[in-house]
Amino acid sequence: MTYKQAFKFVGIITGVFFIVVFTILMIDISNDVPYEELTLEEKVEKAITEAIGEETNFDKKRVVHISINEGVAKIVLNGDESLTLNLTRDSMLSKSKDVLEQLDKFEEITNYQLSWNMPLVDVKGNVKDAEVIKIAINKDHGITWENFNTENFSVVSESFFIHPGYQ
């Protein structure tokens with residue numbers, strides 16, 4: 001095989017490789033389940049991730065846990081880090097508003113318990129995810145989400161907690 005033939009052969013192989021890769025990328029090979037066939041928990045997770053994203057800004061999965069029992073949705077999420085603790089807190093409260101607005105669309109859910117986790121450092125220097133915000137709210141809240149001020153979560157919630165480090 002001459003140099004010219006070898007060069008042509010390598011070029012053809014490379015071209016075929018790129019065509020195959022491009023074709024694979026263009027074909028939707030996902031096994032998406034039709035929305036109607038999703039469980040309520042899966043529908044809630046989809047609504048949450050569409051509203052605030054699938055991952056945090058430090059590459060953790062956004063949704064930690066979702067359970068729905070007798071109309072009560074218990075949802076644990078990972079928050080995003082910001083420049084300051086106040087910005088981090090305000091971001092989680094703002095995203096809580098976005099999440100709860102989406103969850104209001106589910107007729108099967110009557111109460112929400114929304115918790116946010118962030119990495120905290122204990123006295124020995126160990127880092128562990130811990131709850132920093134928790135909002136428990138009844139669906140009968142009467143909130144108009146587009147005009148809602150997140151500083152009022154403490155007023156409209158049945159139960160409201162912010163970790164002392166985030167107050």
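Can you pull out the residues in the range 53-85 that are under 16 Å from Met118 (Cα atoms), in contact with a helix residue (DSSP H, G or I) (Cβ under 8 Å, 6 or more places away or on another chain) and not in a loop (DSSP other than H, G, I, E, B)?
Listed by number, the residues that qualify are Val63, Ile75, Leu77, Leu85.
Tally up the residues in the range 81-100 that are modelled with pLDDT under 95 and under 15 Å from the mean Cα position of the chain (by Cα), please.
Residues that pass the stated criteria total 1.
Suppose we keep only residues that are of a type in the set (Gly, Ala, Ser) and under 22 Å from the mean Cα position of the chain (by Cα) within the range 125-158. Which one would you say is surrounded by the fewest Cβ atoms within 10 Å (Cβ to Cβ)?
This residue is Ala130.
So that you can scan it fast, the table gives a plain yes or no per residue for (1) in a helix (DSSP H, G or I); (2) closer than 17 Å to Ile52 by Cα; (3) touching a residue at least 24 places away in the same chain (Cβ under 8 Å); (4) not aromatic (Phe, Trp, Tyr):
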site: Lys95; (1), (2), (3), (4): yes, yes, yes, yes
site: Val99; (1), (2), (3), (4): yes, yes, yes, yes
site: Val123; (1), (2), (3), (4): no, no, no, yes
site: Lys128; (1), (2), (3), (4): no, no, no, yes
site: Ile137; (1), (2), (3), (4): no, no, yes, yes
site: Asn152; (1), (2), (3), (4): yes, no, no, yes
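Among (1) modelled with pLDDT of 95 or more; (2) β-branched (Val, Ile, Thr); (3) out of contact with any strand residue (DSSP E or B) (no Cβ under 7 Å at 6 or more places or on another chain), which single condition is Val44 missing?
So the condition that Val44 fails would be (3).
The values are calculated or read from the model by the stated rules, or taken from the named source; none is laboratory data. Since the model is a prediction, treat every value here as computed from it, not as a measurement. Because the Cβ atoms are built from the backbone with ideal geometry, glycine has one as well, and the counts that use them run over all protein chains shown.
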